[in-house]
Amino acid sequence: MDVFISNGVTIAFSDHAPHNLDRRAPILLIHGFASTQAINWRYTHWIKALTEDGRRVIAFDNRGHGFSQKLYQPSDYALESMARDAVNLLNHLGIDCADIMGYSMGARIAITIALSYPERLNRLILGGVGEHLLKDPGLPNGLAEAMEAESVEHIPSSMLQIFRRFAEITGGDLRALAACARGFRSALDPKRFIKITAPVLICVGTKDDVAGDPYVFKPLFSNIKIVDIPDRDHNRTVGDRLYRQAVLDFLDKPL
């Protein structure tokens, strides 16, 4: 694990060299809310699969998560600031352009990078996002309060209970996560998505009630492919083999 400073914030990251074959194709991975680079990408065998496919893999802990610096003001978690952390990491490593994959909250960050820094992007891969990305400004309503609740039993929503349990299992800083949930709530303008000319892949579990229907994105991107991951919910999709294979196939196609 390495660290660097992004606009005064310490960000933990890892840089994995390709195995055997070297495609000279870096990919940046951005994890979801209350997760970490290890939980989202290493334990689910993503890093192994991608490096064995000849790709340099860069993963990092979003601010407020994992081994990165914990911040406690909602303003510290503006979507633009979190996207800038990712771009600053590419700068730190001397990478001009990369494929970028984000899951859930990480997908919103990835879209922001595609809109604000299109020259840094080859392909865009979005996991765990659907119609709720357009309806909700970032993360589910009540998520901050769920992080602050005295216990899981005091949270009325079963969906929010899942988020809280996940945060506890992953050892998340609940106060930092509450600030993130409040600060990250900024809307994306779907009318701007058509400006993203890079190829886009979206993978969503058919039982993912957190993400919702991904097919609302079909008319919004100029070059898009959507893959359903059968019988997977929001948490179980990320480690699914079909998801990994869809991504590997997508990356294998020439730009």
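Every number here is computed from the coordinates shown, using simple stated rules; none is lab data. Quantities reported herein were computed from a predicted structural model and do not represent experimental measurements. Here the Cβ is made from the backbone with ideal geometry for all residues, glycine too, and neighbour counts use every protein chain on show.
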Here are a few candidate values for mean projected area of the Cα convex hull in nm²: (i) 12.1; (ii) 14.1; (iii) 12.9. Which one was actually calculated from the structure I just gave you? (i)
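Which of F193, F184 has the fewest other C-beta atoms within 10 Å, and how do the rest follow up to the most? Provide the component values of the computation, followed by the final result.
Numbers: F193 19, F184 24.
Arranged by neighbour count, lowest to highest, F193, F184 become F193, F184.
222 nm [θ] for the chain, helices only, -39500 (n - 2.57) per DSSP H run of 4+, per residue, to 500? Walk me through the numbers before you get to the answer.
Details: 9 runs with 82 residues, N = 255.
That comes out to -9000 deg cm²/dmol.
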Treating cross-link reach as a plain straight distance, find the aspartates and glutamates whose alpha-carbon is under 15 Å from the alpha-carbon of K70, omitting any fewer than eight places away in the same chain. D61, D85, D173
Can you list which of the trypsin sites (Lys or Arg not before Pro) found in the range 125-225 are DSSP loop residues with at most 12 other C-beta atoms within 10 Å? none
Radius of gyration and Dmax for the range 158-255's Cα atoms, expressed in Å? 16.0, 44
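Tell me, what is the percent relative contact order of the range 1-104, built from C-alpha pairs under 8 Å that lie six or more residues apart?
Numbers: 181 pairs, mean separation 37.8, N = 104.
Answer for the range 1-104 is 36 percent.
Sum up the charges of everything whose Cβ sits under 12 Å from the Cβ of T237, counting Lys and Arg as +1 and Asp and Glu as -1, but leave T237 out. Please report the intermediate quantities before stating the final value.
On the way: positive: K207, R232, R236, R241, R244; negative: D208, D209, D228, D231, D233, D240.
Surrounding charge for T237 is -1.
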Nearest-0.05 FRET efficiency for Q161 and L248, computed from C-beta distance (R0 45 Å): 0.85
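Do you know the relative contact order of the chain, to the nearest whole percent, from alpha carbon pairs under 8 angstrom that are 6+ apart? Intermediate values should be presented prior to the final figure.
Values: 531 pairs, mean separation 49.8, N = 255.
Computed over the chain, the figure is 20 percent.
Taking the DSSP beta bridges in the chain as the whole, what percent of them are antiparallel, to the nearest 5? Intermediate results must be reported in sequence, preceding the final value.
Details: 9 of 32 bridges.
DSSP beta bridges in the chain are roughly 30 percent antiparallel.
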Post the alpha-carbon centroid distance, the range 209-255 to the range 157-176, in whole angstrom. 25 Å
Partner lysines whose C-alpha sits under 27 Å from that of K218, ignoring same-chain residues fewer than 8 away, are K135, K191, K195, K207, K253
